[in-house]
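> Quick one: this structure, given as structure tokens, is what I'll be asking you about.
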Amino acid sequence: MTVTAATTRNDYTATSGQTVFAYTFTALAESDIVVLKNGTTLTLGGSNDYTLSGIGSYGGNVTLVVGATTGDVISIYLDMPIARTTNYQNSGDFLALDVNGDFDKLYICLLYTSDAADDLLCVDLGGR
């Protein structure tokens, strides 16, 4: 998979009954995405607050189980753990799939930390 430069956050003001909200970044796992409704964290899965599509590819959708109310603010952002989980071994397999996956994760983490740093800088400077 290739990873393109993208925002790592999408914010929406909902219309009455709206259930589908797009995210425009790559998330490698469902746990890498946080969804807020009016500042409150929603719960993923089944009959909970929302479901996800598009994991592992560029972009996808958050689908709320119950439609939003007019004016609800829905925020979707990348919040992936920064961890190195692959350890290459001497004389071990060096598979392109593994290496590409590691580089994808690294690049996504760079986008995430860059956006987080920009947000902190804007707060320090009094907003954008």
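> Only one residue in D11, D93 is modelled with pLDDT of 90 or more, on the phi < 0 side of the Ramachandran plot and surrounded by fewer than 15 Cβ atoms within 10 Å (Cβ to Cβ). Which one?
Just one listed residue meets the conditions, D11.
> Going by what's in this entry, would S47 be described as in contact (Cβ under 8 Å) with a residue 24 or more places away in the chain and at negative phi?
no
The values are calculated or read from the model by the stated rules, or taken from the named source; none is laboratory data. The structure presented is a predicted model; accordingly, all values stated were derived computationally and were not measured. Here Cβ is always computed from backbone atoms with ideal geometry, including for glycine, and neighbour counts include all displayed protein chains.
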